[in-house]
1. Looking at (1) in contact (Cβ under 8 Å) with a residue 60 or more places away in the chain; (2) within 30 Å of residue 335 (Cβ to Cβ), which one does residue 35 not meet, given that it meets all the others?
2. If I ask for residues that are assigned to a loop (DSSP other than H, G, I, E, B), buried (at least 23 other Cβ atoms within 10 Å of the Cβ) and away from the ligand (no atom under 16 Å from the Cβ), which ones from region 192-222 would you list?
3. Name the residues in region 307-328 that are more than 28 Å from the chain's Cα centre (by Cα) and without any contact (Cβ under 8 Å) to a residue 12 or more places away in the chain, would you?
4. Going through 179, 184, 260 one at a time, which residue ends up being at pLDDT 95 or above, touching a helix residue (DSSP H, G or I) at 6+ places or on another chain (Cβ under 9 Å) and more than 16 Å from the ligand (Cβ to nearest atom)?
5. Using the structure shown, decide if residue 25 is assigned by the TED database to the domain that holds residue 91, touching a helix residue (DSSP H, G or I) at 6+ places or on another chain (Cβ under 7 Å) and closer than 18 Å to residue 184 by Cβ.
6. For the subset of region 164-184 comprising residues that are out of contact with any strand residue (DSSP E or B) (no Cβ under 6 Å at 6 or more places or on another chain) and assigned to a helix (DSSP H, G or I), which member is farthest from residue 31 (Cα to Cα)?
7. Hey, residue 130 hits all of (1) surrounded by fewer than 22 Cβ atoms within 10 Å (Cβ to Cβ); (2) farther than 15 Å from residue 170 by Cα; (3) in contact with a helix residue (DSSP H, G or I) (Cβ under 8 Å, 6 or more places away or on another chain) but one; which does it fall short on?
8. If you take the residues in region 223-249 that are touching a residue at least 24 places away in the same chain (Cβ under 8 Å) and more than 13 Å from the ligand (Cβ to nearest atom), which one is nearest to residue 471 (Cα to Cα)?
Ligand code: ADP
């Protein structure tokens, strides 16, 4: 057993550490070598129902705390996370595989949502509307929506939880979280620190399970849950959206992306290469805002391709806890298989391998950082999210062609482009059908800006002052007879 004091192997419901009713557990493994880290309970429908009921009871009092009181508790939680940054990062790398430097970054990033919403908690303002009749007064008040269910993925085991729970809790909601089965330990560690911070029982609950269908069914079907916030694949998002229909829950969905990265001939190519590296190879390509397609104008295509290939070939691949590692293993074998299929399909249809293209010599789920040149629209990699360290390079001639190619996808999460001409910058930024655009920037996520997608990439925004709206209902009060 690992000696990390924040490693918890029980579920956390209503302030208590519990086992599954039937005693079932499942293994959490280290993706670097597939070794078992620990076993955690696999909860079912009955425990989920109880957690929801307890969260509903906790909601009745939590909503009555003053905004300042909720803010103080969130602030305390934030401070404890920052004080335990190293332990949290170690645990995250252990169960998820990303290099320690990236895990440390995720803990700070995750905590920043708690800090931000601890402050925003105090700024949930209502409205007074001039009434159309002299004997009436119109007022809009804002109220927390109720019990929130959060279903989160493995690629950001800490930050995807804080990004949902901090605004929910700041607004006065209580939350029931189902973390990904690959990475429940980061969620449970957050629960331990929430407990230590004095967050009242029932406000923050963590339900590990390897039976997502059963727990997800209860979370989406139970009428006490008033809101679902989900981050994950588009297929599961659509399924959950359907399941929420019977009780008309509010939903926020952060789904898949197919981010284009456009390099125009007036771009600063060195800056574009640096941005490309950051946007594509972070978390070994396993983020929903990672670039999936590089579209490069023909005049700068060769220069960009060669410089990027050189930088990518120099990336250090290795286990997360090795200090110089820049690329960890992929999360599991299925992820490796998908990456390999995309590469093989592209090569079979005429793409050119510039570097990588196969399993890394370390074996397991380590994959070589890869670049494919001469990629075309008929290849799978052009329209499916790869979620791995593969950069496909497409060629374009005109600005309009680049915009059309970029938008030719059902997804619309992030896009990036490099150009210096100010007219082009505005035209392209406005024409891209995505929720976020990085302009001469490869990393755009921050707690202070609205994160989210359009089209099949999702509904709603996380972070920023807009993030609170997702957990608030407005109520219109019409006062007559004055
Ligand atoms: P990924 O491909 O990144 O694992 P998923 O959408 O499968 O994305 O998983 C994201 C989250 O959704 C995880 O917590 C997973 O357990 C959960 N999940 C997957 N299928 C279901 C389902 N049918 N009902 C509820 N949750 C689900």
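1. (1) is the only condition that residue 35 fails.
2. Answer for region 192-222, where residues must be assigned to a loop (DSSP other than H, G, I, E, B), buried (at least 23 other Cβ atoms within 10 Å of the Cβ) and away from the ligand (no atom under 16 Å from the Cβ): 199, 202, 203.
3. 310
4. Working: 179 fails: more than 16 Å from the ligand (Cβ to nearest atom); 184 fails: more than 16 Å from the ligand (Cβ to nearest atom).
The conditions single out 260.
5. No.
6. Going through the qualifying residues, I end up with 170.
7. Just one mismatch for residue 130, condition (3).
8. 227
The values are calculated or read from the model by the stated rules, or taken from the named source; none is laboratory data. Just so we're clear, the structure is a prediction, and the values are computed from it rather than from any experiment. Cβ sites come from the backbone with ideal geometry, for glycine too, and all protein chains shown count toward neighbours.
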